[in-house]
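Readers should treat all values here as calculations from the given coordinates under stated rules, not as data from a laboratory. Values in this document were obtained by computation on a predicted structure and should not be read as measured data. In this analysis, Cβ positions are derived from the backbone assuming ideal geometry, glycine residues included, and neighbour counts consider all displayed protein chains.
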Amino acid sequence: MTTIEPKYKNFPLDQSKENSKESEIVLKVKDLKTYYPILGGIFKRTIGEVKAVDGVSFNLNKNETIGLVGESGCGKTTIANTILNFVPPTAGEIFLKGKKILEGRTTLHKKIRRKEILSKSKIIGPSFYMFYRIFDSILQDLELNLRYIKKKILNFSKKLSDIFRIQLERIVRLVSDIYLKERGLFTKKIRKKIQIVFQDPDSSLNPRWKIVDIIGEPLKILVRITKRKEIRRMVLKLLRTVSMKREHLDRYPHEFSGGQKQRITIARALACNPEILLLDEPTSALDVSVQAQILNLLKDLQNKFGFSYLFITHDLTVVQHIADRIKVMYLGKFVEEGTIDDVFNNPSHPYTKALLSARPTFDPEQKRNRIILEGDVPSPINPPSGCPFHPRCQEKDKHIGCGIEKPRRIKVEGGSGEHYIFCLPFKKEGKTSYEGWEFISD
C-alpha cells in the first residue's frame, strides 16, 4: 500500500470509510436574498432589480442530499452561485459549520461603509476617496487576491518619494482593510470545502488542456501541490475513483463521451477534499442509461466519503431517487419543503401538485388528472404582491388574501414532521387551519 506523505494526509481518497447519516449541520443558509441590479441611463445607474432569490432559509446536514426543484428561472442556480460567492448576496447570511462565510450587503450596510469611507477621507484627504472609488470599480471581483495586490502596491511604493510613499501606503492599507473586513470571510480554505459540478461538462472543461492538467489545477491552487509526479499520482487516484483509467490522463476533453466528461468534472470537484458538493443539473445533458451511472456514482461517493449534496434539477424522478429532502421553488421563494416521502406522497401546495401532475406516467387515470396552470411566470423584476403564485394558482378562490398577504409557513402534520408549505388559510368561516395542518408562524 502506498504511503501518503503527512502533507496530503487529508486527501479524500485516503479517508474511504462507510459513513452513516448524521444530523450535524454543515451548511446553514439564513434568509438569503440575491438581487441582480438593472442598469440604465447615461451614467448606468441602478434603475431596478431582478429578485432572483428572495428570502430562502435551509440547513444541509452532513452526508445528506437536498433536492432543489422548480421551473427555469426560479433561482435555483443563483442559490448555488451565491453560496460559492460567485454572486454577492444582497441580504442574509451563510454559515459553514457554524462559522459565517458570507453576509449580505444591505442598503444599511452600504450606508455604514460609505460613512466610514468619508470619515477616513477627511483624515487622509480627498485623494483617499478618489482612490477607493477606482479600487472599488476595478477590483470588486478580485477579493481572493487582495492581500497579494496589497503586497505588490506596497513594494512599488518603496520606489516613490517619502511624501507619496507614506500617503499611498496609508490609503492602500485602509482600502484593503475595509475590503477584507467586508468580503474577506470567504477564503481559499472555505473554497476548498465547497465545490460545484456544472450542468454542461463541455463548457466547464478547457478544450485545450489535457485531463491531467484540468484535474490537477485545483491541486496546484488550493492544495498547493507543485511536483508534477505527485499531481499525476493524485489525478490518477481521482480518475480511478470515478471509474476511469490511466490512459485517460493525457487525452483532451473532445475525446470523451458526455458521461465520461461529467465523471471528469466530478473528479475535479473532489480534488481539494470538499465537504459539500453543489450539483447543478449534472445529468440533464446525458442519456437515461448514463444518468443512472452518474447517479449511482454520486451515491457511492457519498456513502464512501460522507459528502453533503445540494442537488439542483428539473427531473423529479432523479431527485426522488437520490435526495433525502426536497425544496420546491417558485419565483425566488420556497413554496414547499419536506422529506421525499412527504412531498411525493402528500403534495400540499398548489404549485407542487401541478408540478408533480406534469410528470410523465403510464397510468391513464393519472394522466387525466393533470393540472394545467394558466398564464406565464411573472417577472422577478416586478413580482406579484402577496403570494407570488396567486396569479396562476388553481386554488386561489379557496384562500384568504392571496394577492395581499404574504404566505405563512405552515406545518403539515403527520409523516416525518418536517413537511412545511408556504400558503394562506382557507376562506371557509371558522376554519383557521388546514385539516390535519397546523400554523406555526404568521
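Some notes on this structure:
- Residue 224 paired with residue 164, simple spin-label distance in nm, labels 7 Å along Cα-to-beta-carbon: 3.5
- HN-Hα J in Hz across segment 267-277 - Karplus 6.51, -1.76, 1.60, θ = phi - 60°, x for Gly and Pro: 4, 5, 5, 7, 4, 9, 6, x, 10, 10, 10
- Annotation: the residues 399, 321, sorted from fewest to most other C-beta atoms within 10 Å of their own C-beta, follow the order 321, 399.
- 17 Å tail of the calculated P(r), segment 44-89, as % of Cα pairs: 45
- Extension reserve of the residue 252-residue 405 stretch, reckoned as 0.36 nm per residue once the Cα distance is removed: 49.6 nm
- Protection proxy ranking, highest mean first, for peptides 378-390, 37-49, 324-336, 68-80: 324-336, 68-80, 378-390, 37-49, where packing is the per-residue count of other beta-carbon atoms within 10 Å, averaged.
- For segment 302-404, a simple Cβ point-charge model (Lys and Arg +1, Asp and Glu -1, everything else neutral) yields a dipole of about 100 debye relative to the Cα centre.
- Here 357, 203 are placed in order of increasing Cβ neighbour count within 10 Å, fewest first, which gives 203, 357.
- Computing FRET efficiency as 1/(1 + (r/R0)^6) for residue 418 and residue 202, where r is the C-beta to C-beta distance and R0 is 60 Å, gives about 0.95.
- HN-Hα J in Hz across segment 399-414 - Karplus 6.51, -1.76, 1.60, θ = phi - 60°, x for Gly and Pro: 10, 9, x, 4, x, 10, 8, 6, x, 9, 7, 10, 8, 8, 6, x
- Under 14 Å, Cβ to Cβ, from residue 283 - net charge with Lys/Arg +1 and Asp/Glu -1: -2
- When 420, 351, 36 are sorted by how many other C-beta atoms sit within 10 angstrom of their C-beta, beginning with the fewest, the order is 36, 420, 351.
- Distance from segment 24-73 to segment 269-313 (C-alpha centre basis), Å: 22
- A simple spin-label model places pseudo-atoms 7 Å from Cα toward Cβ; at residue 397 and residue 232 they are separated by 7.3 nm.
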